[in-house]
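Everything on this sheet refers to the single structure shown next.
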Amino acid sequence: MRTVSILGVTGSVGQSTVQVIEELRGQGAEIAVEAVTAGGNLSVLADACRRLQPKFAVVADAAQLGAAREALAGLNVEVGAGPSALEEAGARPSDWVMSAIVGAAGLHPTMAAVRRGATVALANKECLVCAGPLFIEAAAKHGAQLLPVDSEHNAIFQVLTHPARVEKLTLTASGGPFRTSSHETIAAATPDEACAHPRWRMGRKISVDSATLMNKGLELIEASYLFGFPSEMIDVIVHPESVVHSFVHYVDGSVLAQLGSPDMRIPIAFALTWPDRAQVSTPRLDLATLGSLTFEAPDTAKFPALKVCREALKRGALATTALSAANEVAVEAFLDGRIRFLDICRIVEDSLSALEGNGAASIAKSPTSFDEVAAVDQAARDAARRIAGSLAAA
Ligand SMILES: NC(=O)c1ccc[n+]([C@@H]2O[C@H](COP(=O)([O-])OP(=O)(O)OC[C@H]3O[C@@H](n4cnc5c(N)ncnc54)[C@H](OP(=O)(O)O)[C@@H]3O)[C@@H](O)[C@H]2O)c1
């Protein structure tokens with residue numbers, strides 16, 4: 001019997017995880033569910049509870065406790081609400097935890113799982129971008145096994161046979177919905193256009209990040225912390241078909257890659273069954289039908305976010321904390337229709353400059369504590385809100 005918990009069960013990755021669990025249970029696998037969490041979507045949370053029968057279900061907003069109890073009545077599940085209940089969901093005993101809350105909100109619940117030495121399937125990249133060195137140190141100290149679920153990092157994990165003999169990594173990027181769009185089209189992009197990803201069905205925040213290419217920058221930072229390689233050893237290449245999920249180049253000239261249809265159930269199933277594998281009914285790759293796979297260099301003039309992320313990574317880990325926080329605020333402002341698409345990256349850059357300029361706490365260094373991470377995260381959010389406010393008013 002395997003026990004699992006799903007942080008962010010109502011989201012895109014969370015729902016794909018539910019599907020994989022149901023399919024494996026259908027084949028006779030014994031998978032018990034300890035805890036599931038939601039942001040605020042009570043109907044999807046109730047549906048997940050009906051299907052998975054967890055012991056504990058949590059909603060993020062403490063004020064929703066009563067509504068959550070009502071929505072989950074009769075499902076024989078203990079109900080919690082608020083930040084401490086989210087952390088409890090990560091802390092409760094389970095062998096495996098899917099970390100699929102979006103944004104820095106996922107950090108503390110995921111850390112609760114890391115601190116008890118769980119196997120953590122990491123979809124939430126913001127945990128690492130926000131607190132990379134502390135997160136990795138804690139995983140090593142408590143013996144937590146991190147299994148990357150982001151398809152690119154999952155691909156690297158699968159073919160990273162000789163970490164000491166790596167020459168470089170190459171992350172593949174789909175290029176997003178605006179890869180071939182003109183500057184004018186991009187400047188006028190609406191939230192729905194930015195969320196219409198050509199290959200992946202994802203939550204709205206990561207969809208906007210994919211459109212700005214910030215997602216690839218966040219993934220560059222994630223890969224650096226996760227696998228321990230500097231920015232100079234990590235390349236990005238645009239691959240619109242999203243079939244090759246990344247490359248590892250070795251010192252002897254060999255290049256290893258993992259391929260598969262763009263379907264998150266593949267890396268999720270890999271993480272759930274690791275170190276084994278299981279039969280999962282994901283779309284099979286048919287290269288003859290596809291005919292060709294194409295690659296091109298990213299256009300950093302059109303999509304500056306990648307460069308901004310690379311520079312932040314070089315500056316220091318608190319710079320990536322600030323970058324991720326400012327980006328969350330900017331994406332939310334864009335999705336709410338308060339700023340334009342091209343303002344997102346500008347807000348991130350200006351927030352980093354504002355934090356560097358105030359001199360109070362340098363961000364060009366690694367954090368020494370989670371309190372320091374929280375302080376820089378808050379300062380970056382404040383700066384980003386100020387800048388977004390002035391852009392919205394202009
Ligand atoms: N989707 C993908 O294909 C994909 C691929 C690779 C990596 N990732 C990463 O995986 C993470 C999740 O992505 P997603 O696409 O699944 O996002 P999503 O569909 O937006 O789902 C996000 C999940 O987080 C919950 N949530 C939102 N705000 C919260 C808060 N303040 N506190 C607690 N829970 C909160 C949501 O709950 P409600 O829905 O109930 O509000 C939902 O369960 C992201 O970090 C993303 O970068 C996603």
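The values are calculated or read from the model by the stated rules, or taken from the named source; none is laboratory data. Note that this is a predicted model, so its numbers are computed, not measured. Positions of Cβ are generated from backbone atoms using ideal geometry, with glycine treated the same way; all protein chains shown enter the neighbour counts. All accessible areas refer to the heavy atoms of the entire protein, side chains included, with ligands and DNA or RNA removed. Shrake-Rupley method; radii C 1.70, N 1.55, O 1.52, S 1.80 Å.
Evaluate the Kirkwood expression for the hydrodynamic radius of region 316-393, namely the inverse of the mean inverse distance over all pairs of different C-alpha atoms, and round to one decimal in Å.
12.2
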Region 1-146, dipole about Cα centre (Lys/Arg Cβ +1, Asp/Glu Cβ -1), debye to the nearest 20: 180
What one gets for region 217-320 as the Kirkwood radius, inverse of mean 1/r over different Cα pairs in Å, is 16.1
May I ask you to derive the relative contact order of the chain, considering only C-alpha pairs under 8 Å and at least 6 residues apart, and to give it as an integer percent? 15
Percentage relative contact order, region 316-393, counting C-alpha pairs under 8 Å, at least six apart: 48
Once a ≥ b ≥ c are taken as the square roots of the eigenvalues of the Cα gyration tensor of region 171-254, is the result rounded (a/c under 1.5), prolate (a/b larger than b/c) or oblate (a/b not larger than b/c)? prolate
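Under a 1.4 angstrom probe, counting protein chains only, how are L7, L290 ranked by accessible area, largest first?
Working: L7 0, L290 75 Å².
From most exposed to least exposed: L290, L7.
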Accessible area, probe 1.4 Å, largest first, for residues W96, W274: W274, W96
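Would you list the membrane-span-like helices of the chain, meaning whole DSSP H runs whose alpha-carbon atoms span at least 30 Å along their axis and whose mean Kyte-Doolittle value is at least -0.5? Don't skip to the answer; put the middle values down first.
Working: long enough: 370-393 (34 Å, 0.15).
The qualifying helices are 370-393.
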Have a look at L355, L342, A374 and report the one farthest towards the positive end of the charge dipole of region 316-393, computed about the Cα centre with Cβ charges (Lys/Arg +1, Asp/Glu -1). L342
Simple spin-label model, 7 Å along Cα-to-Cβ: A140 to S254 in nm? 2.6
What's the longest piece of the chain with no exposed trypsin sites (Lys or Arg not before Pro), counting a site as exposed if DSSP puts it in a loop and it has at most 10 other beta carbons within 10 Å? 1-276
According to the Cα gyration tensor, what semi-axes, each the square root of 5 times an eigenvalue, does the equivalent ellipsoid of region 263-364 have, listed from largest to smallest in whole Å? 36, 19, 15
Expressed in nm², what is the orientationally averaged projection area of the convex hull enclosing the Cα positions of the chain? 19.6
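In whole Å and largest first, what semi-axes does the C-alpha gyration tensor of region 110-264 yield when each eigenvalue is scaled by 5 and square-rooted?
Working: eigenvalues 150, 79, 34 Å².
Computed over region 110-264, the values are 27, 20, 13 Å.
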Calculate the FRET efficiency for L65 and A29 from the Cβ-Cβ distance with a Förster distance of 30 Å, rounded to the nearest 0.05. 0.35
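Rounded to the nearest 5, what % of DSSP beta bridges with both residues in the chain are antiparallel?
25
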Tally of Lys pairs whose C-alpha atoms are under 13 Å apart, taken over the chain, 8 or more apart or cross-chain: 4
From DSSP H assignment alone, runs of 4+ in the chain each adding -39500 (n - 2.57), the sum over residues rounded to the nearest 500 puts [θ] at 222 nm at -15000 deg cm²/dmol
Region 2-148 - Kirkwood radius from inverse mean 1/r over Cα pairs (Å): 14.9
If I build a Gaussian network model for the chain, linking alpha-carbon pairs within less than 10 angstrom, which residue out of V243, V120, V331 has the largest mean-square fluctuation? V243
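Please give me the summed charge of the neighbours of N124: other residues whose Cβ is under 14 Å from its Cβ, Lys and Arg +1, Asp and Glu -1.
In short, -4.
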Percent of accessible area on region 288-394 owned by carbon and sulfur, 1.4 Å probe? 52
Estimated inter-spin distance, A278 and E167, nm [label 7 Å along Cα→Cβ]: 3.9
